[in-house]
Every structure is written in C-alpha cells, then in structure tokens.
1. Show me the helices (runs of 4 or more DSSP H) entirely contained within the range 4-71 in which 1 or more residues are closer than 27 Å to residue 117 by Cβ and in contact (Cβ under 8 Å) with a residue 60 or more places away in the chain.
2. Every residue in the range 140-157 that is touching a strand residue (DSSP E or B) at 6+ places or on another chain (Cβ under 9 Å) and without any contact (Cβ under 8 Å) to a residue 24 or more places away in the chain, please.
3. For the range 133-155, give me each residue that is crowded, with 19+ Cβ neighbours inside 10 Å and either at pLDDT 85 or above or in a loop (DSSP other than H, G, I, E, B) (or both).
4. Only one of these conditions is not met by residue 160: (1) at pLDDT below 85; (2) out of contact with any strand residue (DSSP E or B) (no Cβ under 9 Å at 6 or more places or on another chain). Which number is it?
5. Between 22, 48, which is modelled with pLDDT of 95 or more, touching a helix residue (DSSP H, G or I) at 6+ places or on another chain (Cβ under 6 Å) and either surrounded by fewer than 10 Cβ atoms within 10 Å (Cβ to Cβ) or not assigned by TED's automatic domain parsing to the domain that holds residue 108 (or both)?
C-alpha cells in the first residue's frame, strides 16, 4: 500500500525530514506522524528542501484559515447553534430513521478525532455506536466486518472490481447489503 513506510531508506528519509522540521521549529506535536511526513516527502520526490517548503506552506495555510482553532469555534457553541444541531438530529431521527448501517471513517488524525469527540455528544448514542473512527491502522477492523473479497485492495482487501472500472466506480461491495459507508479523512 502507498500509506506505508517501505524499507529502512524511507524511514531514514522520514527521520531526516523530521529533524529538519524540528531544528527549524516547524514540527508541531499534532503533525508529528511518520506517514504524514512520508506523504510530504513523496509529493516532492523525497527532496527534503522542497518537502519543507510544502510543509511550511501547509502550516501557513492552517494558520491563515484557522484550521487548528476550529476545535475551539466548536467548544464555544452558542445556545442557538446547539439548538440547530439538536433540531437537525431530531429531523434525521424522526423522518429518516435507520438509514445508516455502519460508517467507517479511516485515516482520522488527531484533529478529526478531537472534532468527533465533541460532535458525537450531539448525536444519538445509537447512531454514534454505528460510526467507527479509525486511524491509519484501520485494515484489521474493516476485515472484521467486511469480507476481504469485497473490501477494495486499496483499503487492505482483495477486491479490484476489474470488470467494473475499479472499486470506486462499482456498486459492488458490502454497502449494498450492510448499508456500510466509508469516509477517508486526513485531519
């Protein structure tokens, strides 16, 4: 899979990139993740200077758009905002019952997990029990629920849907019978 560190050479490059970022005070604890660092390196063909420039731009974008402070815009929900969320939940429960079988959110980083922790308080416990927020080691959990012959290969299964234009274009899969959906996030 492309989401893994392959060999000691990639690990050395990830660690070298990490050291450059630490030295220049560009590595926040919330972003210190081998696979995240690897993605930036791969995007710049393992050129550490170019990856550092890309990383710096990412950090600036997060500051400019307040990405890392969204969790705080959520903690201080005003009463009207909470009421709107509760009303939306009531509409969903009353008029669209049992439309969710299981949902798997994969590649969820610490920011998303924190956001989920806050948001799930507003949802029905029955609904939240059907939503599984998983990090980058999600394959084992998916294979407990979904037969590997129906799980796309890019998610750790063996399905390629060769005759249907690939798994992303096919309607084959467990979601047809299990009402399962997957969301891939990186936040």
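The values are calculated or read from the model by the stated rules, or taken from the named source; none is laboratory data. Since the structure is predicted, the reported quantities are computational estimates derived from the model, not experimental observations. Here the Cβ is made from the backbone with ideal geometry for all residues, glycine too, and neighbour counts use every protein chain on show.
1. Ranges flagged: 34-43.
2. 148, 149, 151, 152, 153
3. Once the filter is applied, which keeps residues that are crowded, with 19+ Cβ neighbours inside 10 Å and either at pLDDT 85 or above or in a loop (DSSP other than H, G, I, E, B) (or both), the range 133-155 yields 133, 138, 142, 146, 150, 151.
4. Failing condition for residue 160: (2).
5. After ruling out the rest, the residue left standing is 48.
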